[in-house]
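For reference, the structure discussed in these notes is given below.
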Amino acid sequence: MRLSSYFLPTLKETPAEAQIASHRLMLRAGMVRQSAAGIYTWLPLGWRVLRKIEQIVREEQDAAGAQELLMPTIQSADIWRESGRYDAYGKEMLRIKDRHDREMLYGPTNEELITQLFRDNVKSYRQLPKTLYHIQWKFRDEVRPRFGVMRGREFLMKDAYSFDLDFEGAKRSYETMFNAYLKTFKRMGLTAIPMAADSGAIGGNLTHEFHVLAETGESGVYYDAAYDELAAKDAIDLEALSRLYAVTDEKHDPTSPQCPPPDRLRVARGIEVGHIFYFGTKYSQAMNAVVSGPDGNPVTVEMGSYGIGVSRLVGAIIEANHDERGIKWPEAVAPFSIGLINLKSGDAACDKVCEDIYRTLSEQGVEVLYDDRDDRAGVKFADMDLIGLPWQLVVGPKGVASGMVEIKNRATDVKETLSLESALARFARGQ
RNA sequence: CGGGGUGUAGCUCAGCCUGGUAGAGCGCCAGCUUUGGGAGCUGGAUGCCGGAGGUUCGAAUCCUCUCGCCCCGACCA
């Protein structure tokens, strides 16, 4: 993509409404614009990131055996009456009426819809287990939206729902998702700590929140230092992990026998990016989701639900990866891999080298954002640091004369001068 | 939903107290000079001063109502 024609409205100054780093940076880097309180337009750069995160989530859900579908954003009030949540949910649910005065709502979550779908189409235990998911926009009319996309009213969520014949099966489904979540967050370069949690409005008795550690997190978290060693390993030992103390502040109890001694107790702030629940037959019973069991008798299915805040992850990743100059994208979710900076646009030699690099890398499938603007170097460097692509490839007249270019790693800010050929080889696809 | 704040140019903000033709910096446009870390000079465009009502000869400024947005608390992916 050529920056001269890309829709990327960056801001030099910080918009007054943004209080935390990720919000400020998302506005300044031209990723989002607010349209109403807690409601955002995703601009091309932000949208690219959102899609990359979504794709990682999707791949790990698929790998865990979940099947993707897509449910609507608008739901009928009827099924919510069946589950008993139409009244229980309160003002957070956006209620609307259609032209016939039928009561509708913009879905804040999808347990009812998926349970309805399941009960209408699954009749035998032979069809179990099933885990279904979708990645869909939700609306929760939060009293106080804040922190940009971290707590928007409209947000993109991956929600999965498992159906099993019995508790043992449900527990397996839960554990499968638990592991998938750890992998998912790890792929995005995040440390997400699973915490025993309160089940809140959704209800149930087995539930974990996944918190990304960041200073600006909304929740206080307490965890055993041993977690860090465990998390560094590739294969996560779920049993070992589940024995470790890790709780949010409302559950923290220093007198608990599980609580580690002070020298091993880590106190931090966390951003909740995932939440998983086993809730048994709460919805299947209310909504009559029943299958025939092996003995021919009806069995009310055991359910769980599993959420990941996809749009919130964009903010969370920035909170965990930035400095005073801008964002530092982890490779896996970066909107582009390389920012190509032409220090002297209009200079024939510089232009030629840059065009060659841009074409060569693009043909190899490397995502390059080429700053070909007729602008001063300072502006280009500042914008590129702000946008925070993992690599910057700098081409200027001095280097061109001697066949050298400079590359900079945004994560470490380490610069390196090397020949054009070695730079191209470095960035060739698959390396 | 309680408490606090704030709406003036694309952004950051001054002007309001004490009413009298709408301002600055940055950004934007044109030209020239520039180009190795948010450039210099010259010229230019841009405002329902959030909205409605009122007071007044006259309102960004005073009064009333209203809406938006932000922050602090209780809830959530």
Restricting to the stretch A:146-156, give me the number of residues that are assigned to a strand (DSSP E or B) and more than 6 Å from RNA strand B (Cβ to nearest atom).
2
Are there any pairs, at least 6 apart or on different chains, whose C-beta atoms fall under 8 Å, with the first in the stretch A:249-273 and farther than 22 Å from A:Thr191 by Cα and the second among the β-branched types (Val, Ile, Thr) and within 16 Å of RNA strand B (Cβ to nearest atom), and if so, which?
A:Asp253/A:Val247
Working carefully through the options A:Arg28, A:Arg24, find the one that is farther than 30 Å from A:Asn110 by Cα, open to solvent by 70 Å² or more (accessible area, probe 1.4 Å) and within 16 Å of RNA strand B (Cβ to nearest atom).
A:Arg24
Could you count how many residues in the stretch A:323-360 are buried (at least 21 other Cβ atoms within 10 Å of the Cβ) and charged (D, E, K, R)?
1
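Specify which of the listed residues (A:Glu103, A:Glu92) is open to solvent by 20 Å² or more (accessible area, probe 1.4 Å), in contact with a helix residue (DSSP H, G or I) (Cβ under 6 Å, 6 or more places away or on another chain) and over 16 Å from A:Met287 (Cβ atoms). Walk me through how you get there before you give the answer.
Details: A:Glu92 fails: in contact with a helix residue (DSSP H, G or I) (Cβ under 6 Å, 6 or more places away or on another chain).
Going through A:Glu103, A:Glu92 in turn, just one is open to solvent by 20 Å² or more (accessible area, probe 1.4 Å), in contact with a helix residue (DSSP H, G or I) (Cβ under 6 Å, 6 or more places away or on another chain) and over 16 Å from A:Met287 (Cβ atoms): A:Glu103.
How about the stretch A:337-360: which of its residues are of a type in the set (Lys, Arg) and away from RNA strand B (no atom under 12 Å from the Cβ)? Break it down stepwise before answering.
Kept after step one, since they are of a type in the set (Lys, Arg), are these residues of the stretch A:337-360: A:344, A:352, A:359.
Matches in the stretch A:337-360: A:Lys352, A:Arg359.
Name the residues in the stretch A:31-51 that are closer than 14 Å to A:Lys158 by Cβ and buried (at least 18 other Cβ atoms within 10 Å of the Cβ), would you?
Passing the criteria: only A:Leu50.
If I go through the stretch A:281-322 residue by residue, how many of them are acidic (Asp, Glu) and either within 16 Å of RNA strand B (Cβ to nearest atom) or open to solvent by less than 40 Å² (accessible area, probe 1.4 Å) (or both)? Full working, then the answer.
Filtering the stretch A:281-322 for residues acidic (Asp, Glu) gives A:295, A:302, A:319.
Checking the rest, the ones that are also either within 16 Å of RNA strand B (Cβ to nearest atom) or open to solvent by less than 40 Å² (accessible area, probe 1.4 Å) (or both) come to A:302, A:319.
Residues flagged as acidic (Asp, Glu) and either within 16 Å of RNA strand B (Cβ to nearest atom) or open to solvent by less than 40 Å² (accessible area, probe 1.4 Å) (or both) within the stretch A:281-322 amount to 2.
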Out of A:Glu331, A:Glu319, A:Glu324, sole residue that is under 23 Å from A:Leu386 (Cα atoms) and within 13 Å of the chain's Cα centre (by Cα):
A:Glu319
Please verify whether the stretch A:128-145 includes one or more residues that are farther than 30 Å from A:Ala240 by Cα, open to solvent by less than 10 Å² (accessible area, probe 1.4 Å), away from RNA strand B (no atom under 16 Å from the Cβ) and of a type outside the set (A, V, I, L, M, F, W, C).
no
Selection within the stretch A:361-410 - more than 8 Å from RNA strand B (Cβ to nearest atom), open to solvent by 60 Å² or more (accessible area, probe 1.4 Å) and part of a helix (DSSP H, G or I)
A:Glu363, A:Ser402
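Could you pull out the residue among A:Met177, A:Met195 that is under 18 Å from the mean Cα position of the chain (by Cα), within 16 Å of RNA strand B (Cβ to nearest atom) and part of a strand (DSSP E or B)? Spell out the reasoning first.
On the way: A:Met177 fails: part of a strand (DSSP E or B).
Unique residue meeting the criteria: A:Met195.
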Within the stretch A:117-126, can one find any residue that is farther than 21 Å from A:Asp62 by Cα, in contact (Cβ under 8 Å) with a residue 12 or more places away in the chain, in contact with a strand residue (DSSP E or B) (Cβ under 6 Å, 6 or more places away or on another chain) and crowded, with 17+ Cβ neighbours inside 10 Å?
yes
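The values are calculated or read from the model by the stated rules, or taken from the named source; none is laboratory data. If you're wondering where the values come from, they're calculated on a predicted model, not measured in any experiment. Please note: Cβ atoms are built from the backbone with ideal geometry, for glycine as well, and neighbour counts cover all protein chains shown. We work out accessible area using only protein heavy atoms, side chains counted, and drop any ligands, DNA or RNA first. Shrake-Rupley method; radii C 1.70, N 1.55, O 1.52, S 1.80 Å.
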